[in-house]
Amino acid sequence: MEIFTEHVNGIMIHKITIGHIHESGCTGCLAALMDNYQGIFTILDKYADLVYGLTLVDVRKIPKMDVALIEGSVCIQDKLATDEVREVRDKSSVVIAIGGCACSGNITRFDRGGQQNQPQHESFVPVSDLIDVDIFVPACAPTPEALRNVCVMTYLLLRGNDEQKALAGMYLKPLMDLARSPYGSKASFNTLMQEVINLGLCMGCGSCAAACPVRAITMEYGKPQGLRDLCVNCGACFSQCPRSFFDHELMEHHEQIMGMLKAVMQ
């Protein structure tokens, strides 16, 4: 499968530039990103240059980049953090929020100060509350495979041929729609009831209950039940539900997409 098709002044372009930006979180998403073994090595060898990442790259100023992976929520009392995510948006073509904290706020929504070093840091919001985000990759933490696939598909969307761009766009569309959805970071269990359960789409997988950071959802007789007085509208249950952004067109091209992914990772 031919991958590299673009040329500038007769020189073939192989790679995009990516950066990893860490806000307030546990670093679990970074661990998942690095837990791809040969997958991450293949990505960095063939498809991407890592140009920013405080944990991995000795660069102190945020450079221009094609793709920014933002992990963690943003403390709105921390001017450096709020300025940083806005600078990332200005300098990046594609911004991807990875993990529950970046997408929905997750457990950081319930922090009310009292940390030993900075007790005034008490309010945290998901990244999309401050800047436009292009792609959501929810879960706490996303699987290594999910992060690998999103990185590869984003590369193909930017650098692939027409067929690859079309298939990568199909793969990423549900995650792009989730980032633009008003439910993406502010959904509640009521949203899940209205958009999934009441429409007969729930298959009883339990993903919503597993994702809820305050244990406001239980599974009763194979269906989710919500304790609405505990729900804090963090959006985790809705973004984790596979039926909340179900895409029939994607399923129709599943074999093609997986075949393309397998080919580019060899």
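No lab work stands behind these numbers, since they all come straight from the coordinates. It should be emphasised that the depicted structure is a prediction, and the values quoted were computed from it without experimental measurement. Cβ sites come from the backbone with ideal geometry, for glycine too, and all protein chains shown count toward neighbours.
Using a Förster radius of 45 Å, what is the FRET efficiency between T218 and H14 based on their Cβ-Cβ separation? Nearest 0.05, please. E between T218 and H14, to the nearest 0.05, is 0.35.
May I ask you to derive the FRET efficiency for C205 and V57 from their Cβ-Cβ distance with R0 = 35 Å, giving the value to the nearest 0.05?
Details: r = 38 Å, r/R0 = 1.08.
With R0 = 35 Å, the Cβ-Cβ based efficiency is 0.40.
Remark on region 189-240: Rg and Dmax equal 9.7, 25 Å (Cα only).
Computing Rg/Rh (Cα atoms, Kirkwood Rh) for the structure here picks out one of (1) 1.02; (2) 0.93; (3) 0.98, namely (3). Annotation: lysines with alpha-carbon distance below 20 angstrom to K173 (same-chain offsets under eight excluded): K165, K186, K262. The overall shape of region 135-266 is prolate: from the C-alpha gyration tensor, with semi-axes ordered a ≥ b ≥ c, the ratio a/c is 1.5 or greater and a/b exceeds b/c.
If R₀ is 51 angstrom, what is the calculated FRET efficiency for the pair K262 and M193, using the beta carbon separation as r and rounding to 0.05?
Numbers: r = 38 Å, r/R0 = 0.75.
Result of the calculation: an efficiency of 0.85.
Would you work out the charge dipole size for the chain about its Cα centre, treating the Cβ of every Lys and Arg as +1 and the Cβ of every Asp and Glu as -1, and quote it to the nearest 20 debye?
Values: 22 positive and 30 negative charges, 75 e Å.
I would put it at about 360 debye.
Applying both filters, DSSP loop and at most 16 other Cβ atoms within 10 Å, to the trypsin sites (Lys or Arg not before Pro) of region 37-90 gives R60, K61, K64.
Taken along the Cα-to-beta-carbon direction at a fixed 7 Å, the label points for N161 and R86 span 4.4 nm.
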